[in-house]
């Protein structure tokens, strides 16, 4: 049975070790298309980046200034990045018989802008919370004087950190909801909030645990690669993180999302 069939096999939320195991197995199952998409992402980033630099240094072409070409290049790069990111996610979530690079790119193109919009809304929400807390901290200093400035700063940083973690955990599934359920904008944010309602700690422990493990492995890879390969070690470690750890983490979060979506039925999962 394909590993992807386990996406619907159980409503029980997997442990962190199970998420990693399932994520690694799914990555192995989808290895070829995922690797190709990652290579396309790198090639697109390098190509657009080079084109932007050349445009910035070039003379006007057909009456279009170099700065205008730079802006167009940046916009094209942003669009391509989100388009390829959707294709990367679908490489794990789509049924195996439909997972071809050409098919993934074709199906992902209509979702690029909705995915971009939701990513922007999530970032804006998190940034808004941080700005609000910082503003309240400055307001407290202005009202009560510099005598509590240090305490206000420490408390503000602590509260901002807690609020950011809380909000990011509640919205952690928004991008998957866009890709899998075709919800858009605030609907995707609301669905993620609904799914994580009452499940904050189980979801947080798993997301934090996965991030901590992947971050730790990245640090170890970085240290050993630099030790063994010198200045080239950092590049090798970065490539291993991109081509090994990132896909496993992504696939693991898919299993987590599916388990939560089954456990908490909603409009998108009747």
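Computed as a quarter of the hull surface, the mean projected area of the alpha carbon convex hull for segment 192-270 stands at 5.6 nm².
Ordering of 121-133, 162-174 by packing is 162-174, 121-133, highest average first (other Cβ atoms within 10 Å, averaged per residue). Spin-label model, residue 97/residue 234: points 7 Å from Cα along the beta carbon direction are separated by 4.9 nm. Fewest-first ordering of 117, 176, 83, 201 by other beta carbons within 10 Å of each residue's beta carbon gives 201, 117, 83, 176. A straight chain from residue 158 to residue 226 at 0.36 nm per residue would run longer than the Cα-Cα distance by 21.1 nm. Between residue 17 and residue 78, full extension at 0.36 nm per residue minus the direct alpha carbon distance yields a gain of 18.5 nm.
Length gained on full extension, residue 109 to residue 264: 52.9 nm, using 0.36 nm per residue less the C-alpha separation. Ordering 177, 248, 16, 235 from the fewest to the most neighbouring beta carbons within 10 Å gives 235, 16, 248, 177. Using the average count of surrounding beta-carbon atoms within 10 Å as a protection proxy, the listed peptides 42-51, 107-116 rank, highest first, as 107-116, 42-51. For the pair segment 180-258 / segment 18-33, the C-alpha centres are spaced 13 Å from each other. Taken along the Cα-to-beta-carbon direction at a fixed 7 Å, the label points for residue 184 and residue 199 span 2.6 nm.
Bear in mind these aren't lab numbers, they're just calculated from the coordinates by the rules spelled out. Everything quoted here is computed from the prediction, not taken from an experiment. Heads up, the Cβs are rebuilt from the backbone with ideal geometry, glycines too, and the neighbour counts pull from every protein chain shown.
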